[in-house]
Amino acid sequence: MKTIVIIGGSKGIGKAISTVMLDENCVINISRSQPEFSHRNLTHYNCDILTDDLPNLEKVDTLIYCPGSINLKPFERLKIEDFKNDYEINFIGAVKAIQKYLPNLKETDNANILLFSTVASKLGMPFHTSVASVKSAIEGLVKSLAAEYAPKIRINAIAPTVTDTTLAAKLLRNDRQKEQMIERHPLKKYLNPEEVAQMAVFLISDKAASMSGQIFEMDCGITSFKN
């Protein structure tokens, strides 16, 4: 079985990925909170990616970094600390995890890394200055690392639109907001974590062996077309 290391696998998209991967893989979850589920193939380490040392591991075939933020404010209300905090959790945490487990990834065949961006990196939207900026940095990281470590390690990212997780709870906090969000998207829907998890499963599989340095948009049409 492959060893899949998920940073932030207790909630949201990370939880959905963990759940779907567990039957056929060893999943190592590294996060601040204990998962609400258990499985014979699941190992958990309590760790704050920004302040704690990551655990030493014997084997890493795939590294998935899920932590993120949705800090939506008018630019004039954003403080420098807001930008720094978003950069730390979205970008620096990912770099820290990659640097930690890069030696492990180099030792395995078909190694890969999966990160997360956002549709806001492509489509300019009000109040998204901080998150769009930092996720654009993630996209640059993906492309640069993919070039640097080809053909040994594949690196890709998923750029989802709004996904029904606790992170996006403020955007989907009542039926009216949910309906407005549905109407904003040409496919008349937003994402659920299981959809994103299925894309993640494909991208880290051997079926995606020809794909690296790519940003895969799951946008429900919002950045691609109008209807």
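Things worth noting here:
- If you run the Gaussian network model on the chain, springs between alpha carbon atoms under 10 Å, then out of Thr19, Thr166, Thr51 the most flexible one is Thr51.
- DSSP-defined antiparallel bridges as percent of all bridges, region 1-81, nearest 5: 0 percent
- Per residue, the convex hull spanned by the Cα atoms of region 1-65 measures out at 75 cubic angstrom.
- Between Phe83 and Ser144, the distance separating the two model label sites (each 7 Å from Cα on the Cα→Cβ line) works out to 1.7 nm.
- Approximate spin-label separation Asp52-Ser133, in nm, with each point projected 7 Å along Cα-to-Cβ: 3.0 nm
- Its Cα gyration tensor gives region 129-195 an equivalent ellipsoid, and the semi-axes of that ellipsoid, as √(5λ) in whole Å with the largest first, are 31, 13, 10.
- Scanning the chain for long hydrophobic helices, with DSSP H runs required to stretch 27 angstrom or more by C-alpha along their axis and to average at least 0.0 on the Kyte-Doolittle scale, returns 129-149.
- Region 66-121: trypsin sites (Lys or Arg not before Pro) falling in loop per DSSP and having at most 15 other Cβ within 10 Å: Lys79
- Taking the 1.4 Å solvent-accessible surface of region 60-182 as the whole, the part contributed by carbon and sulfur is 54%.
- Calculated log₁₀ intensity ratio I(q)/I(0) where the Debye formula runs over C-alpha points of the chain, q = 0.08, 0.18 Å⁻¹: -0.28, -1.44
- With the helix formula -39500 (n - 2.57) applied to DSSP H stretches of n ≥ 4, the chain reaches a computed 222 nm mean residue ellipticity of -10000 deg cm²/dmol.
- Where only C-alpha atoms are counted, convex hull volume of region 86-181 per residue in Å³: 112 Å³
- Pairwise label distance in nanometres, Ile92 with Lys189, each label 7 Å out on the Cα-Cβ vector: 3.9 nm
- GNM flexibility winner over the chain from Val119, Val134, Val95 (Cα, springs under 10 Å): Val95
- For region 1-133: lysine pairs under 25 Å (alpha-carbon distance), excluding those fewer than 8 apart on one chain: 25
The values are calculated or read from the model by the stated rules, or taken from the named source; none is laboratory data. Since we're looking at a predicted model, the values are computed, not measured. Note that each Cβ is placed from the backbone with ideal geometry, even for glycine, and that neighbours are counted across all protein chains shown. These area figures cover heavy atoms from the full protein model, side chains too; ligands, DNA and RNA do not enter into them. Shrake-Rupley method; radii C 1.70, N 1.55, O 1.52, S 1.80 Å.
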